[in-house]
Every structure is written in C-alpha cells, then in structure tokens.
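Let me begin by presenting the structure, written as structure tokens, before commenting on it.
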Amino acid sequence: MVSNARSTLDAWLIKEEEQKVEGKKEHSISLKSLIEEFAKKISIPELKNSTKINYKLYEILPEQQRAIIVTEKAKVASAIARALGGGKKRIIKTNWGNVISFETIWNSRYITIIPLRGHVMDYDVIERYGGDWRNSDPLELIDPSSLRVIIKEKHIVNAIQKIASNSNLLILATDADEEGANIGLEIFEIVSEINRKCKAVQMWFISLDPKELKSAFLNPIEPKWSWAYAVKARRLIDAMIGFSATRELTLNFLDIIRKTGITKVFSIGRVQTPTLYILYLREKEIESFKPQPYWVLYVDVSIGDQSFRAFHKKSPFHDQSIVNNIYEKIKRVEIGLITSIKRETKRIRPQPPLNTTKALVLLNDVLGLSSKEAMKILEDLYLNGLITYPRTETDKYPSNYKHERNLRNLLNYPPLSDIIHEILQKGSKLRRNGSKLVGDHLPITPIAAPNSNKSLPKKHLMVYDILVRRYLALFLPDAEISRIYLLLNIGNELFKTILNKIEKPGFFAVYPYNRPKENLIELELETGEHVQIKKVYPPEKKFTQPPPRLTEGSLISIMERLGLGTKSTRPDHIETLVQRGYIKRKGKTLYVTRLGYSIISFLEKIWPDFVKPFFSAKVHILMQKVMNNELKWQEMTESIRKEYLNLFKELREKVKAASNEIHTAIKEDILAEKVMDCPKCGSPMVLKPTRSTKANLISCTNCGFSMIVPSAKSYKLTDIKCVICGSNVLELKRKHRILYLCPICWKQYGPCYKCPKRNECPVSDVLRKEEEKYIVGKCSCGGDLVYFPEYRFVRCNKCGKKYYLPKKGSIRLLKKRCEKHNLRLFSIRERNKIKYHCIACNASS
C-alpha cells in the first residue's frame with residue numbers, strides 16, 4: 001500500500017500522541033520544531049502569471065530569411081524537425097568536435113535546429129584563485145569579480161556561432177521552466193556577441209505533440225527573461241558560497257582529509273548543507289529516543305464465518321501488573337457479547353493531479369526509485385512524446401483543457417483501454433482537480449500510448465502505467481468504505497475492533513496503490529449478539545519506536561516546504577550528498593554516514609544560521625521576486641552576497657576557536673569506520689566512497705595502501721586466519737548471502753568458497769554452516785538441493801536439476817518440511833498473503 005508521504009510525515013510531525021510514550025530528547029532542535037519555526041517565520045511568494053507578448057512568425061521572419069532554433073536535447077530537435085515537415089541531418093564541423101543539426105525549409109524560410117546538452121556555461125574562479133587553495137584567501141571569493149564564466153560545450157557553442165552569424169531570428173526551444181529560460185539566456189548572450197541584430201523569441205510547449213510544436217513555432221512569445229536572470233543570480237550566488245565555504249573548511253581540516261582519504265574536500269552548499277541537516281536532525285531524534293515498554297492485550301473472535309482480532313479498550317497498558325490481572329480474569333472465557341455497534345460510511349477521493357514533487361514522491365513510494373532516477377525516466381517519457389513536460393509546479397487542469405481528446409489518444413494502451421472506453425462513454429468528466437495552476441504548464445499528464453513496435457525499458461513502462469492510472473482515477477467516482485466500530489464484553493472487560501469493507505471501489509478499480517485493507521464480509525450484526533472467543537493471547541510486551549528515517553520521497557516533500565532547491569534541482573542536491581559520501585541509500589530510506597554526521601554536527605554548533613534553511617529560503621524568496629519582475633537580479637545578488645559575507649566571517653571566527661576540539665571529534669568519527677588494520681603499517685584502513693556499484697576501496701589512513709573488495713552492505717573483520725597468507729578473513733554482508741574472503745589473496749584465489757585450500761582453512765566450518773542455511777534437502781541423485789535466492793531457483797549441486805520458484809512475492813526458506821518429500825518449505829508472501837510452497841510437489845497449503 002502506498003501512502004501520501006507528505007501527509008504521513010506531517011501527521012508525525014504535528015501529532016506527538018501517535019507515539020504512545022515519547023523518549024526524552026537530548027537536543028532542543030527537532031525536525032518538527034524546525035518545520036514549525038520555518039512556517040512561522042518564512043512565507044515564500046507564489047509565482048505570478050506574467051503578461052506574454054505574442055508574435056506571429058510570418059511577421060518577424062519574412063521569406064528567404066534564416067532562423068536558428070536551439071533545443072536542450074536531441075530528441076526535441078528531431079521532434080521539431082518532424083513537426084515542420086521533416087529535415088535533413090547535417091554535421092557542423094568545429095575545432096572541438098562535430099555537432100549534429102537539422103536543416104529544413106518552411107514556407108521559403110530557412111531553419112536550422114541545433115540541440116544542446118543542458119547548460120553551456122558555468123562559473124569557475126579566475127586564474128588568480130586557481131591552483132593550490134592555500135595560496136589565496138577563500139573570503140575573497142565572495143565577490144562576483146572573483147568568478148569567470150567558462151564554456152562547457154565549446155563545440156556546440158562554436159556551431160551555434162557559425163549558424164547565427166548570418167541568421168535573422170533566434171528561436172529558443174529550451175525547456176519550459178526557469179532552468180530552460182536561463183539556458184536560453186546563455187545562448188542569446190553568445191549569439192548577441194557575433195550578431196546583435198538577431199532577435200530572440202521563445203517556443204513555449206509542454207509536450208512533443210506535433211500540433212503543439214507547430215503552433216508554438218508559428219506563435220512564439222517573448223522569452224521569460226526575468227526567469228532567466230533569477231536563475232543567473234542563483235547560480236552566481238551558489239558559486240560564491242560553494243567555492244568559499246568548501247575551501248575554508250577543507251583548508252582547516254586538510255590534515256584529516258589527507259590522512260583518512262575518505263573525501264577529497266569538505267563540500268558545502270547553500271541547499272546541499274541544509275538538506276543534510278534535515279536528515280541529521282532525524283538521525284539525532286532516533287539516537288536520543290528512549291524506548292518505553294508497554295503491553296497490549298488482544299483476542300481472536302469469530303461471528304459465523306468471520307474472524308477478526310479485538311484489542312482491549314485500554315491498550316496500550318503501561319503497568320504490567322494491571323494487564324496480567326485482566327488476562328488471568330479472561331483467559332478461559334469462551335463467549336463474548338456485542339455491547340455497542342457504530343456504523344459509518346467514508347468516502348475516499350482520488351488523489352489530485354501530479355506535479356513534479358508529487359510524482360517523485362509517488363514513484364519513490366511505489367517503485368522505490370531515487371528522485372534522480374525517477375526524474376530521468378520522466379524526462380525520457382516526455383522525450384518519447386508519451387507525457388507532458390515533467391518539471392512543473394502545476395497540479396491543476398485549466399477548465400478548457402480537452403480531456404476527451406487526450407483520453408482518445410490513450411485508447412491504444414491495451415491494459416487500460418476498457419476503462420478509458422467507459423470514461424469516454426460517461427462524458428470524460430473530471431471529478432478531481434488540484435489547487436495550483438502556475439503559468440502555462442499542465443500537471444504531468446500521459447498524452448499518448450507507447451508504440452508497440454518500439455519497446456520501452458521495463459522501469460519506464462512501470463512508471464508510465466502508474467501515471468496513466470493516476471490520470472484515469474481523476475475521472476472515476478469516489479470510493480466508499482463501510483466501517484463498523486464494535487465494542488465487545490469479554491469477561492466484563494471491554495474490547496474494541498474496527499471492520500472495514502469497500503462498498504464501492506470507485507477509482508480503486510484503476511488506481512490500487514492506496515486501497516485500504518478489507519476485513520469485513522457480509523454480516524448482520526446486532527447489539528447483544530454473542531461472539532465466539534477463539535483465542536486469548538497473553539499480554540505482549542512491546543517498546544515504543546523512534547520516528548522512522550526519511551525516505552527520499554519524504555525528503556523531497558520537506559525540501560519543497562522549506563524552500564530548498566527547485567523542482568528541477570532537488571534530485572541533483574540529494575545525489576550530490578550521496579556522491580560526497582555524506583548520505584547513503586538503503587532501499588527507499590536515506591541514512592547519514594559517519595562522515596556526513598561529523599561535518600553537519602560540527603556545522604550545527606558553529607554555523608547554525610547557514611545550516612538551518614532560513615538563509616537558503618531567502619535566496620528562494622528573492623528569486624521568486626525576480627521572476628515576478630519585482631526585483632532586479634543584480635539587487636538580489638548583492639543583497640545575498642552581503643548577508644553571506646557576514647555569515648562567512650562568523651564561520652571563520654568560530655572554526656578557529658573550536659579547531660582542536662573539532663579536529664579530534666571529526667577524526668574519531670571518521671576512523672570509527674575502520675574496517676581493518678593496514679597489513680603494511682598497522683594504521684586503520686577505511687572504506688573510500690567510489691562510483692562503482694560492484695566494488696569498493698579499502699584504504700589506509702596513513703601510508704595510502706589500498707585494496708579493492710567486492711561491494712557489500714557491511715564489512716566485518718573476523719578472527720579467522722587465512723591458511724595461505726595469515727590475514728584475517730573479511731565477512732561481507734550482501735543482499736542475499738554472506739561472503740567470506742581474504743582481503744590480501746582473494747584476487748588470486750577468489751572468495752573463500754572458491755579457494756583451493758578451503759578444506760585446510762578454519763573458514764571451512766563457517767562456510768559449511770552458511771551453506772546449510774540454503775540446503776533444501778536431498779535430490780533423488782543423492783546430491784544437495786541448494787537454494788539460490790538471488791536467482792529464485794533451487795539447483796542440485798550434483799546433477800544440476802533446477803526447480804524454479806514463483807516470480808512474484810517475497811520468498812523465505814523455512815525449517816518446516818514437506819511431509820511427503822521431506823524437503824524444506826518456502827513461504828511466499830504476496831500482497832500480505834502467505835502461502836507455503838514445496839518444490840517437489842509444487843503445492844501450496
């Protein structure tokens with residue numbers, strides 16, 4: 001089941017009573033208090049719909065003149081060329097490489113289309129501040145004059161200059177958001193240097209539908225320069241902050257960085273650092289939480305064929321003697337009585353249309369996709385013409401949107417064509433809409449079915465299917481749930497239970513992801529009716545649980561609320577934290593590493609005004625004002641620069657005051673990650689972050705000696721000595737198995753189970769016990785039937801015979817055996833149902 005991650009998080013943050021007993025916290029700031037403080041102090045202005053200046057292409061580009069169209073991606077360039085009647089590919093040669101373009105003639109007008117690859121410009125320090133960081137003062141970098149613009153894609157820029165030199169019109173077909181506007185500004189500035197007479201207009205489109213592209217071409221608008229300059233100011237500010245703060249901290253802790261080798265720099269960023277702080281606060285709450293015991297008392301009862309569980313009305317109990325006395329009183333009771341029945345019908349509405357944040361949260365919840373991967377898949381679907389532009393704050397359809405026409409486009413999607421037919425027959429009435437209509441954007445909307453002749457990757461199809469289901473749910477009626485609250489008298493003690501039944505599935509017929517569980521069949525219940533007590537369970541002792549770590553979907557929602565980043569940049573900031581080694585992913589959940597914890601706990605003490613999201617939110621607020629034409633971008637830059645300059649001086653002063661203490665604390669935290677002692681010098685060896693998903697590097701913090709080892713969730717040095725070299729064997733916990741290997745000689749002989757001398761080594765006993773965990777039983781040939789969880793099959797190690805397990809559901813090998821074949825059974829859990837599976841009889845019970 002998928003929950004709305006944002007509302008779930010809000011419920012936890014606002015309602016402390018959901019924790020039965022809350023542990024004492026050792027720090028004054030919590031994630032809840034930070035969000036509440038932000039809500040009181042900060043108000044982020046809405047983006048206003050600016051008045052557009054519309055043009056007619058016929059009027060601004062006469063016959064025989066030339067226009068250059070610039071897109072962000074090659075697929076968009078190709079789509080525009082097709083919409084204009086096709087075009088020939090042309091290779092533009094430059095000194096830095098070749099560039100693909102499209103040439104077409106449209107009604108006696110010459111059109112060249114050139115795709116980019118995102119931003120073509122970036123900021124770097126001027127030459128004076130290059131080289132060794134120790135030769136300059138980081139404080140001097142808090143000045144726009146210390147930065148220079150660099151060209152990232154010289155071959156593309158040169159190709160654009162060649163074509164633009166004799167062009168009459170520049171048509172910006174970059175993405176329809178502020179980042180796209182800024183990329184368009186970069187191109188306009190490049191073109192203006194060589195052709196000042198070349199006017200710029202914008203093609204504004206939110207899908208690659210040929211009709212929409214042609215209309216955008218014929219009716220361009222004035223570029224959204226205020227959006228472009230807002231991003232320019234933000235990028236300039238972020239460059240000054242990143243360069244100066246990163247250098248300041250790195251230079252102060254250069255000795256630790258060199259010795260540990262865990263990171264190259266102590267990276268600081270305006271959005272990156274407060275985002276890490278959010279995760280750190282949750283980690284601190286978990287650490288400081290003190291579990292408190294409580295007891296629950298429940299019984300299993302039945303009425304006719306219906307069985308259900310009821311809990312004592314006063315559960316949870318915090319006094320064990322009270323709950324024990326009640327248990328002794330009722331443990332032999334066989335009949336109970338219904339004393340109260342309360343009925344209600346609840347309506348559940350479809351969830352509103354998707355904007356970028358909602359989509360990223362949904363895909364993280366349902367598929368466990370990281371925001372970076374989800375955004376990439378959404379962009380691919382957009383570029384394939386299957387959905388509208390995925391970077392949008394809009395979650396509301398305008399009243400004049402042609403849903404019927406769009407639904408007919410989706411009829412070619414076989415899995416849902418019947419439901420689409422039904423919606424069309426009933427008039428294509430939109431039953432649920434959102435609340436926020438921003439600019440000329442739509443919510444993320446499926447607009448075409450995948451081409452059956454062109455297969456999409458599996459994950460792309462899964463994402464597309466979810467988007468279509470979410471869209472179709474908007475046209476279906478609310479679901480209706482019957483809920484019965486029962487109060488039972490069992491031995492003069494009151495027990496309660498809630499029974500649910502979906503009376504009308506409504507939109508759940510197409511969108512099952514938040515469908516509630518049912519535990520009620522048709523029953524005619526009356527007060528005074530008897531119930532059968534099937535089992536009275538002894539009091540169960542439990543402990544209160546700390547708040548959960550944040551999923552990536554939850555973090556994205558919090559970042560949006562706190563004004564951290566934009567819809568376009570939030571996934572990148574999270575990915576940067578992962579690449580820096582400050583956080584790591586485990587499934588959907590995000591964990592703070594020791595390195596990240598050390599840095600942010602240090603910054604919290606000495607630089608709270610930067611670490612908290614308030615300073616970053618001010619940048620976001622001013623950026624919105626620039627976009628709304630209420631502030632000049634230069635004024636925004638100077639205002640933030642002055643404020644940050646004071647913050648930086650505060651950082652410098654406090655770093656020096658706490659230098660020795662922080663050196664020691666960070667060093668201890670980092671070295672707590674020790675995997676083993678260096679075989680050469682005896683110093684601690686630690687894991688170094690790498691980009692590889694198959695291998696990790698263990699490096700010495702002193703002499704630099706390093707070893708490559710296979711990737712694993714965790715590494716533990718055992719007491720077992722390798723019979724070949726005498727080194728201690730490493731235990732690697734992987735997804736499905738535990739792997740043992742000698743860190744010194746494994747590259748020559750392989751892991752321990754492959755070693756030619758494994759039977760002479762003490763590791764053989766450990767390997768045998770590990771193998772026994774996966775032996776299902778004996779094969780008819782006399783060999784062992786071994787379970788391979790990573791491949792979901794069982795294979796005989798002698799004759800090679802295979803038994804395939806079900807493709808769906810989570811699988812667990814049990815100790816319980818099949819009575820007929822004496823083979824261990826498997827439990828297959830799917831949709832909260834468990835069945836038992838024997839590979840020989842292939843039967844379930």
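Before moving on, here are some points about what is shown:
- Student exercise, the range 476-541 dipole from Lys, Arg, Asp, Glu Cβ charges, in Debye to nearest 20: 380 debye
- More than 26 angstrom apart: percent of Cα pairs within the range 638-767: 40 percent
- A 1.4 Å probe over all protein chains sorts Ser780, Ser192 by accessible area into Ser780, Ser192, starting with the largest.
- Summed over qualifying helices (DSSP H, 4 residues or more, each -39500 (n - 2.57)) and divided by its residue number, the chain shows a 222 nm mean residue ellipticity of -11000 deg cm²/dmol.
- Excluding ligands, DNA and RNA, the accessible surface per residue across the range 323-369 is 49 Å² with a 1.4 Å probe.
- Surface composition of the range 710-845: carbon and sulfur atoms hold 47% of the protein heavy-atom accessible area at a 1.4 Å probe.
- Legend: residue pairs Lys747/Lys815; Lys426/Lys808; Lys733/Lys757; Lys454/Lys567; Lys586/Lys688, Cα-Cα distance threshold 28 Å; pairs beyond threshold, Lys747/Lys815; Lys426/Lys808; Lys454/Lys567.
- DSSP beta bridges confined to the chain are antiparallel in about 90 percent of cases.
- Computed with a 1.4 Å probe over protein heavy atoms only, the accessible surface of the range 114-266 comes to 38 Å² per residue.
- Listed residues Leu236, Leu437 arranged by accessible area, highest first, probe 1.4 Å: Leu437, Leu236
- Crossing angle, helix 570-579 versus the chain [Cα axis fit, 0-90 degrees, rounded to tens]: 70 degrees
- Taking Cα centre as origin and charging only the Cβ of basic (Lys, Arg, +1) and acidic (Asp, Glu, -1) residues, the dipole magnitude of the range 689-845 rounds to 860 debye.
- Taking the longest Cα principal axis of the chain as reference, the axis of helix 5-14 is set at about 70 degrees.
- Label-to-label distance for Leu461 and Thr690 is 3.4 nm, based on points extended 7 Å past Cα in the beta-carbon direction.
- With all protein chains in place and a 1.4 Å probe, the accessible surface of the range 100-161 carries 47 percent carbon and sulfur.
- Leading residue at positive end of dipole, the chain (Cβ point charges), from Cys700, His821, Asn252: His821
- Global size of the range 31-91 as Cα Rg and Dmax, reported in angstrom: 22.6, 64
- Dipole magnitude for the chain: about 2600 debye, using +1 per Lys or Arg Cβ and -1 per Asp or Glu Cβ, origin at the Cα centre.
- With all protein chains in place and ligands, DNA and RNA left out, the 1.4 Å accessible area ranks Val786, Val655 as Val786, Val655, largest first.
- Each peptide in 199-212, 590-603 was scored by the mean count of other Cβ atoms within 10 Å over its residues; highest first, the order is 590-603, 199-212.
- Long-range tail of P(r) for the chain (Cα pairs > 51 Å, %): 30 percent
- For the chain, the residue among Asn168, Leu57, Pro353 whose Cα projects farthest onto the positive side of the dipole built from Cβ charges is Pro353.
- Sparse-neighbourhood loop sites, GluC sites (Glu not before Pro) in the range 763-811 - DSSP loop, at most 12 other Cβ within 10 angstrom: Glu790
- Angle between the chain longest axis and helix 225-252 axis [Cα atoms, degrees, rounded to 10]: 60 degrees
- Reachable aspartates and glutamates from Lys458, criterion Cα separation under 17 angstrom, eight or more residues apart if same chain: Glu373, Glu379, Asp380
The values are calculated or read from the model by the stated rules, or taken from the named source; none is laboratory data. Every value quoted in this text rests on a predicted model; they were computed, and no experiment measured them. Here the Cβ is made from the backbone with ideal geometry for all residues, glycine too, and neighbour counts use every protein chain on show. Quick note on the areas: whole protein, heavy atoms, side chains included, nothing else; ligands and nucleic acids left out. Shrake-Rupley method; radii C 1.70, N 1.55, O 1.52, S 1.80 Å.
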